[in-house]
Amino acid sequence: MHESHSDTPLSSTPRVQLPPQLRTVHGSTNLRGAHGDDAYARLLMHNACYEAMPTSNKMVVFDLGLVLRKAFNGLIYQNTRHVLVSEAREEGKMMGILSVTDFIRVMLRKFRERKRVEHALAANEEHEEEEDIGALTIAQYRDLITAEGKQLNLITVNADQSLLEAARLLSLHHIHRLPVLDPEEGSPLFILTHKRLLKFLWCFGQQLSQPEFHIRTAKELGVGAWQGIRVVFPDTPLVDCLDILLHKGVSGLPVVERNTYKVVDMYSRFDAIGIALEERANNLDVTVKEALEFKNTMRAGDRSSDVVSVRDTDTLWRAITVLVESNVHRVCAVDANGSIEGVISLSDVINFLVVKPGAALTPPVLKHHKEKKMVGDLSDGELKALLMTSASRLEEEAH
């Protein structure tokens, strides 16, 4: 396992560029007119992924030969949603990402296998127990889900490619995290997410005039989910909740009262980590309410999966402000009684502000990670030195 840290701050970098088309002779900006609603897309188009590198960034890398159970224990220990996976026999080549989604898939598989065996024993039927999936290596697990058609290809972006290209890749492939690689070495620098992109827009988009759509509601603009919203109840079996998170393309589920649909909590994929902390990974026979009680006890102070809401009559800009200031992945839009009306996620906002209005701008160029030489098997010290050298070079270029 490797960890590395980057010391290039987002908020203080002097290299962020406003699109020249949006500048006036006095250095101010005016977005209305010719460029209008694609201003944020143009801002990202004129800035490389380097500019969004966080101040402090931990990169965790696991080898493909690591046993899955130990890998998930490492995931829990690192308190992270994902780790990079590399192949030591191929010079540390980055092969993919292991995330909480894989953790949920394994838990559900183990739970259903246990139920199948229990049913067979109760009926005095012969049965064959499957191999313990937790005893597989990461490589064997990846082969298994590849055979089942569930393994996603690794999508990456080079640090010198534009942030607009990165936003498009996140949207096109329906992914939540995008490894950013050093364009010369091919080594991973950091993971770019929708949250990081919105933070960048929030920091530097303040220099731009607000488009007129900011004063309209998210519902009017069609930003977010407003129909067919997937929710769970406090008494919903946790296994059903996890199944929705795994198979229905959502990363978080509002928990609502059964009769009023008033929002009382939020259950996200990352909350599944709490099951392992409570040593219930092999027993999902609990309700969502019981699982949430443990989550709220263990993760005091961490608001990333809290239920945060806005009114359904609030403006889009208000919803964006709440997303950024609360540091959450989604907000619930509620009516005057607190009942669920919609859900607005980070990806919804990025797609609306950047991807859709910037569709006609310079098309992205995919960078295949196979063309790069990976150095994921460097020691902690070597990898940190490499990143520090890269950061120093960027500072020199900035001056």
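The values are calculated or read from the model by the stated rules, or taken from the named source; none is laboratory data. What you see is a predicted model, and the numbers here were worked out from it, not measured in a lab. So basically every Cβ, Gly included, is an ideal-geometry build from the backbone, and we count neighbours across all protein chains shown. Note: accessible area is taken over every heavy atom of the protein model, side chains too, but ligands, DNA and RNA are not part of it. Shrake-Rupley method; radii C 1.70, N 1.55, O 1.52, S 1.80 Å.
Summary table below
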| item | result |
| --- | --- |
| Scan of segment 325-338 for residues that are closer than 15 Å to Lys219 by Cα, surrounded by 15 or more Cβ atoms within 10 Å (Cβ to Cβ) and out of contact with any Pro (no Cβ under 7 Å at 6 or more places or on another chain), ordered by number | Arg330, Val331, Ala333, Val334 |
| Residue match in segment 127-145 (condition: under 18 Å from the mean Cα position of the chain (by Cα) and either under 25 Å from Leu238 (Cα atoms) or of a type in the set (Val, Ile, Thr) (or both)) | no |
| Some residue of segment 273-290 being at pLDDT 95 or above, in contact with a strand residue (DSSP E or B) (Cβ under 8 Å, 6 or more places away or on another chain), assigned to a loop (DSSP other than H, G, I, E, B) and not small (Gly, Ala, Ser) | no |
| Residue within segment 174-182 that is part of a helix (DSSP H, G or I) and either among the small types (Gly, Ala, Ser) or surrounded by 18 or more Cβ atoms within 10 Å (Cβ to Cβ) (or both) present | no |
| One residue from Arg311, Arg303 being open to solvent by 60 Å² or more (accessible area, probe 1.4 Å), under 27 Å from Gly224 (Cβ atoms) and at pLDDT 85 or above | Arg311 |
| Residue check, Lys115 touching a residue at least 24 places away in the same chain (Cβ under 8 Å) and open to solvent by 10 Å² or more (accessible area, probe 1.4 Å) | no |
| Segment 316-343: number of residues that are out of contact with any strand residue (DSSP E or B) (no Cβ under 6 Å at 6 or more places or on another chain) and outside any helix (DSSP H, G or I) | 5 |
| Subset of segment 96-149 (residues that are assigned to a loop (DSSP other than H, G, I, E, B) and either within 23 Å of Asp285 (Cα to Cα) or modelled with pLDDT under 85 (or both)) | Ala123, Asn124, Glu125, Glu126, His127, Glu128, Glu129, Glu130, Glu131, Asp132, Glu148, Gly149 |
| Any pair with Cβ under 8 angstrom, 6 or more apart, that starts in segment 252-269 at a residue that is within 10 Å of Val232 (Cα to Cα) and ends at one that is acidic (Asp, Glu) and not in a strand (DSSP E or B) | Arg258/Asp235; Met266/Asp306 |
| Cβ-Cβ under 9 Å pairs, at least 6 apart or on other chains, segment 136-158 side within 25 Å of Ala48 (Cβ to Cβ), far side of a type in the set (Phe, Trp, Tyr) and modelled with pLDDT of 90 or more | none |
| Wholly within segment 1-95, strands (runs of 3 or more DSSP E) carrying at least 1 residues that are modelled with pLDDT of 85 or more, over 15 Å from Phe190 (Cα atoms) and not aliphatic (A, V, I, L, M) | 59-63, 82-87 |
| Any hit, segment 211-218, residues being under 22 Å from the mean Cα position of the chain (by Cα) and either open to solvent by less than 30 Å² (accessible area, probe 1.4 Å) or in contact (Cβ under 8 Å) with a residue 40 or more places away in the chain (or both) | yes |
